[in-house]
1. Among the hydroxyl-bearing types (Ser, Thr, Tyr), in the same structural domain as TRP189 (by TED's automatic domain parsing), within 30 Å of ASP152 (Cα to Cα) and touching a strand residue (DSSP E or B) at 6+ places or on another chain (Cβ under 9 Å), is that true of TYR359?
2. Any residue in the range 374-387 that is touching a residue at least 12 places away in the same chain (Cβ under 8 Å) and either among the β-branched types (Val, Ile, Thr) or in contact with a Phe, Trp or Tyr (Cβ under 7 Å, 6 or more places away or on another chain) (or both)?
3. Scan the range 275-287 and give yes if some residue there is open to solvent by less than 30 Å² (accessible area, probe 1.4 Å), over 21 Å from PRO215 (Cα atoms) and either touching a strand residue (DSSP E or B) at 6+ places or on another chain (Cβ under 6 Å) or part of a loop (DSSP other than H, G, I, E, B) (or both), otherwise no.
4. Of (1) in a helix (DSSP H, G or I); (2) modelled with pLDDT under 95, SER416 satisfies all except one. Which?
5. Suppose we keep only residues that are hydroxyl-bearing (Ser, Thr, Tyr) and part of a helix (DSSP H, G or I) within the range 383-410. Which one would you say is farthest from the ligand (Cβ to nearest atom)?
6. Just give me the residues in the range 392-407 being at positive phi and open to solvent by 20 Å² or more (accessible area, probe 1.4 Å), in sequence order.
7. State all residues of the range 341-382 that are part of a helix (DSSP H, G or I) and within 15 Å of the ligand (Cβ to nearest atom); if no residue qualifies, say none.
8. Inspect all residues belonging to the range 313-321 and state whether any of them is part of a strand (DSSP E or B), within 16 Å of the ligand (Cβ to nearest atom), open to solvent by 20 Å² or more (accessible area, probe 1.4 Å) and in contact with a Phe, Trp or Tyr (Cβ under 9 Å, 6 or more places away or on another chain).
Amino acid sequence: MTKNQTLYDLAIIGGGINGCGIAADAAGRGLKVYLCEKNDLASGTSSMSSKLIHGGLRYLEHYEFRLVKESLAEREVMLAKAPHLVTPLKFTLPHRPHLRPAWMIRAGLFLYDNLTRRNSLPKAKSIEFNVKTSVLTDEITKGFEYFDCWTDDARLVVSNAVQARDKGAHIHVYTEATSIQFDQQDKVWIVELRHKLTQKTTQICARHIINAAGPWLNQLYEAAISEQKAPRNIRLIKGSHLIIKRDGEGDSAFILQNKDKRIVFVLPYLNDFLIIGTTDKEYQGKLDNIQIDEQEQDYLLDIYNQHFKRQLSSSDIVSSYSGVRPLCDDESNDPSAITRDYTIEMQTIDGKNALISIYGGKITTYRKLGEAVLKHLHPFYPSLRGPWTATQPLPGVKQLNEPFENILSAVAARCSFLNDATVNRYARSYGHLAELFLKGAINTKALGINFGADLYQAEVDYLIRFEWAFSADDILWRRTKLGLKLNAEEQKNLDKYVKSAVMNMN
Ligand SMILES: Cc1cc2nc3c(=O)[nH]c(=O)nc-3n(C[C@H](O)[C@H](O)[C@H](O)COP(=O)(O)OP(=O)(O)OC[C@H]3O[C@@H](n4cnc5c(N)ncnc54)[C@H](O)[C@@H]3O)c2cc1C
């Protein structure tokens, strides 16, 4: 360690939901935090999820009561903390008696409604379908309705990164940790970093390391940190989703049961689309650029077609995405039965410098996981401030439980010249922070170039300056989901603009 080097309390490797959640919590308690992400924030599993903040109804069948209970309680916390990013979503569960008897589903839903003391969402109920108007096939006449929550996963990650930065954390994207070694003389970890866009290398020092590299966790552990085996085995379970155009399915999500005992969601997405997913498949391939395979595609189309009057074929697929769950190996034979709970492994050097590895977890429980990590660090910082994240809103929200309508009307007042869909997108994505790039604008001209689908230069500049966007893809697929709406020419123009804006910034 040299004289000029900053010594951080924590170096967090990985800018997914877990890394960013831990960074926000730790920085908010006064720790000096450094976080590096080798690509874009949320470019790993955290933008490839089903985007549900949920207890996980199906986990009840695997007796995961602790996880379901904690997740349901978190659903309430997240609704209060981020009313713009987390929204209640109605689920329709078509009943197919040969798959699960009605009494079993009713009992499961009762438990789901009552496992947590605080539950602000409507209770589950039985429903009947009108065969004539229902989008479901004529054989499906009965079902159930219950509520869970939906989120924009990638924006939740960025929102936590923004909060971490506001509390003093240093966040570096496109920065890969290539080696993490313990310096016995200075008693600090030395992290070697390579900036992917410039190829420059640097070093930072930290008292403790958090390995939040998701699916890359053990790879990082064994290649960069230690020649020893990582503390736990990891099971990489791939999950894929299809995106199709919406056609009369309405605003309800559907939870479909399949013969293999798995369930598949059909989720309303961005007004015009539906997401169908997911699959569960052991994965051994390369981790960068994971793609859906034909078998997964057929499986998802088949389950949709078993339930809906509309019959889909591969030509209906607009887009797809795939990710891998970095699950802690519990030796289960069935990929869909492996626990989704998180496991925190802490090793120390002479009881003083920690190396913490995060296995598993869900978007839903990222905040609790952050608290659990901070609890592990408490012995090193006895006067560390206590938990705070449950009672502080995420950036863009003025106070806990602020009604989304307040946020929407404040944003709308800044840009009454825009259409409702765009105003809603701004309010949902940024909350009150949208006012930062809207302020003073009296017409669309003031917002600069329209790159397509009302993606204006003012928003793009904001994303580059304040949300670590470095490429058109960062903006089109993670900061917004407008990649589904801009055509190839528009995407090319955006790419050109972002490249030159980033260059001028440096
Ligand atoms: C198909 C699917 C559906 C899911 N659905 C849901 C759902 O509906 N609800 C829910 O709650 N959960 C869901 N999950 C689970 C959830 O998405 C994951 O648990 C969560 O995203 C994991 O976050 P993470 O931060 O651990 O990993 P990641 O998001 O993968 O983040 C790890 C990051 O580390 C970076 N990294 C790796 N190596 C290095 C290095 N050497 N240097 C710097 N950075 C590095 C990577 O680039 C990556 O961005 C789903 C998961 C999948 C796969």
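The values are calculated or read from the model by the stated rules, or taken from the named source; none is laboratory data. None of these values were measured; they are calculated from a predicted model. Counting neighbours? That spans all protein chains shown, and the Cβs are built from the backbone with ideal geometry, glycine included. For accessibility, only protein heavy atoms count, side chains too; no ligands or nucleic acids. Shrake-Rupley method; radii C 1.70, N 1.55, O 1.52, S 1.80 Å.
1. yes
2. The answer is no, given that none of the residues of the range 374-387 is touching a residue at least 12 places away in the same chain (Cβ under 8 Å) and either among the β-branched types (Val, Ile, Thr) or in contact with a Phe, Trp or Tyr (Cβ under 7 Å, 6 or more places away or on another chain) (or both).
3. yes
4. Tallying (1) in a helix (DSSP H, G or I); (2) modelled with pLDDT under 95, SER416 fails exactly one: (1).
5. Result: SER409.
6. Listed by number, the list holds a single entry, ASN401.
7. Hits for the range 341-382 are TYR366, ARG367, LYS368, LEU369, GLY370, ALA372, VAL373.
8. Yes, that holds for at least one residue.
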